[in-house]
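**Student:** My questions will all concern the structure given below.
All of the numbers you see were taken from the coordinates with simple rules; none came from a lab. Values in this document were obtained by computation on a predicted structure and should not be read as measured data. Note: ideal-geometry Cβ built from the backbone for every residue, glycine included; neighbour counts use all protein chains shown.
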Amino acid sequence: MTLHHCEICGSTADIHHIVHKHEGGYDIKLNYKYLCNYHHRGKNGPHNCIETDLKYKLEMQDKLFNLLPKDYYTAKELYTILGMSNSSLKRLIKKLKLFKEGYSKKEVIKNLMGGKLYSYAMLKELELERLFNSINIS
């Protein structure tokens, strides 16, 4: 078993699924972030802080858009580029429409992100909401 280290502090880490399994996340390296218990499940970790969770999702989504510059891909290309297992690939493509050009990049990414695309505006909105809620108006 490989010993992983927290991407934030360097302590011994576990795998965090950026797009959680219950959200439809896949077992691919891009969906993993190595975090120690504190940075994983602590107050500001992705399980307890929606902003952190969203930041990690936006990072992953950006990586996917950079990895997939073309508009369409074959199943073989997705398998190779994303480093997916055959079972993960089958699970992915059975949810996608196959066009004559291949599978749509946007739909592939949306599916890998648990069925939705995220925006930085969502993050700003959360930050503003938290700021607004922290202001004590008497």
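**Student:** Which residue out of 10, 45 is assigned to a loop (DSSP other than H, G, I, E, B), of a type in the set (Gly, Ala, Ser) and surrounded by fewer than 15 Cβ atoms within 10 Å (Cβ to Cβ)?
**Tutor:** Step by step, each of 10, 45 is checked, and only 10 is assigned to a loop (DSSP other than H, G, I, E, B), of a type in the set (Gly, Ala, Ser) and surrounded by fewer than 15 Cβ atoms within 10 Å (Cβ to Cβ).
**Student:** Search the stretch 87-101 for residues that are aromatic (Phe, Trp, Tyr) and pair each with any residue that is surrounded by 10 or more Cβ atoms within 10 Å (Cβ to Cβ) when their beta-carbon atoms are under 8 Å apart and the residues are at least 6 apart or on different chains.
**Tutor:** Final answer for the pair search is 99/72.
**Student:** Of everything in the stretch 60-86, what is in a helix (DSSP H, G or I) and either touching a residue at least 12 places away in the same chain (Cβ under 8 Å) or of a type in the set (Val, Ile, Thr) (or both)? Give them in sequence order.
**Tutor:** Residues satisfying the conditions are 60, 61, 63, 64, 65, 67, 75, 77, 78, 80, 81, 82.
**Student:** Any idea which of (1) without any contact (Cβ under 8 Å) to a residue 60 or more places away in the chain; (2) of a type in the set (Ser, Thr, Tyr); (3) under 18 Å from residue 24 (Cα atoms) is the one residue 118 doesn't satisfy?
**Tutor:** Against the list (1) without any contact (Cβ under 8 Å) to a residue 60 or more places away in the chain; (2) of a type in the set (Ser, Thr, Tyr); (3) under 18 Å from residue 24 (Cα atoms), residue 118 comes up short only on (1).
**Student:** Looking only at the stretch 18-31, which residues are of a type outside the set (Lys, Arg) and either surrounded by 17 or more Cβ atoms within 10 Å (Cβ to Cβ) or more than 9 Å from the chain's Cα centre (by Cα) (or both)?
**Tutor:** Residues satisfying the conditions are 18, 19, 22, 23, 24, 25, 26, 27, 28, 30, 31.
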